[in-house]
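J.: Just dropping this structure here.
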Amino acid sequence: MYNKALFLDRDGTLILDKHYIKDPDDVEIIPNAGDFLKTAKGLGYLLFMFTNQSGVSRGYYTFEDIALCNQKMLELLNLPEDFFTEICIAPESPTDPQIYRKPSPRFILEMIDKYDLDPKLSWMIGDHLNDLKAGINAGINCAWVSTGKPRNEDIEDYIHEHSIPIFSQLSDLVIF
Ligand SMILES: [Mg+2]
């Protein structure tokens, strides 16, 4: 029996993208995201958060700052602290050697292996081209949410090429 999962980007998908958030007081959630995540979990999806945080490598904030912001996010989403099965915070900047930073599919591939995920039933959801590429590189489905980065031509082309569905916000997803 294989499992199914959602991989969720953080900034622009679960919370507003305010560029390098360091202060938990700046965390603002996307409306209805918490209820959506609870519904997904109730339907048997394992939930993973997968976030690029180059601010660590750039020296803007630490892993501890990110943990405090994540804690605040879960509080505001009305979700328990252990809600996500696993969280991947990729600290590399685009110029560092790339390990987990999206578009690397490494985290997703590791979770597919560890939790016996069915790629056909699993999704990467985000607002950046790198989110989509990480999902496609890992062989899972992707969905775009319009609550973060604007879509430029590269993104439009990629979405078209891979037939990626677009949703106005996370809670509008109809993938189940
Ligand atoms: Mg994002």
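The values are calculated or read from the model by the stated rules, or taken from the named source; none is laboratory data. It should be emphasised that the depicted structure is a prediction, and the values quoted were computed from it without experimental measurement. Every residue, glycine as well, gets a Cβ built from its backbone with ideal geometry; the counts of neighbours run over all protein chains shown.
J.: If residue 128 meets every condition in (1) without any contact (Cβ under 8 Å) to a residue 40 or more places away in the chain; (2) of a type outside the set (Val, Ile, Thr); (3) touching a Lys or Arg at 6+ places or on another chain (Cβ under 9 Å) apart from one, which number is that one?
T.: Failed condition: (1).
J.: Next question, about the same structure. Being touching an Asp or Glu at 6+ places or on another chain (Cβ under 6 Å) and among the small types (Gly, Ala, Ser) is the filter here, so list the residues in the range 84-140 that pass it.
T.: 126 - this is the single residue of the range 84-140 that is touching an Asp or Glu at 6+ places or on another chain (Cβ under 6 Å) and among the small types (Gly, Ala, Ser).
J.: Does residue 113 fit the bill of being at pLDDT 95 or above, surrounded by fewer than 17 Cβ atoms within 10 Å (Cβ to Cβ) and not aliphatic (A, V, I, L, M)? Working first, answer last.
T.: On the way: at pLDDT 95 or above: yes; surrounded by fewer than 17 Cβ atoms within 10 Å (Cβ to Cβ): yes; not aliphatic (A, V, I, L, M): yes.
So residue 113 passes the test.
J.: Hey, could you check the range 115-131 for residues that are more than 15 Å from residue 175 (Cα to Cα) and not in a loop (DSSP other than H, G, I, E, B) and say which is nearest to the ligand (Cβ to nearest atom)?
T.: Of everything passing the filter in the range 115-131, 131 is nearest to the ligand (Cβ to nearest atom).
J.: Answer yes if at least one residue in the range 132-146 is free of Cβ contacts under 8 Å to residues at least 24 places away in the same chain, within 14 Å of the ligand (Cβ to nearest atom) and surrounded by fewer than 17 Cβ atoms within 10 Å (Cβ to Cβ), and no otherwise.
T.: Yes, the conditions are met somewhere in the range 132-146.
J.: Please go through the range 16-53 and give me each residue that is under 19 Å from residue 81 (Cβ atoms), without any contact (Cβ under 8 Å) to a residue 12 or more places away in the chain and either outside any helix (DSSP H, G or I) or within 16 Å of the ligand (Cβ to nearest atom) (or both), ordered by number.
T.: The answer is none; no residue qualifies.
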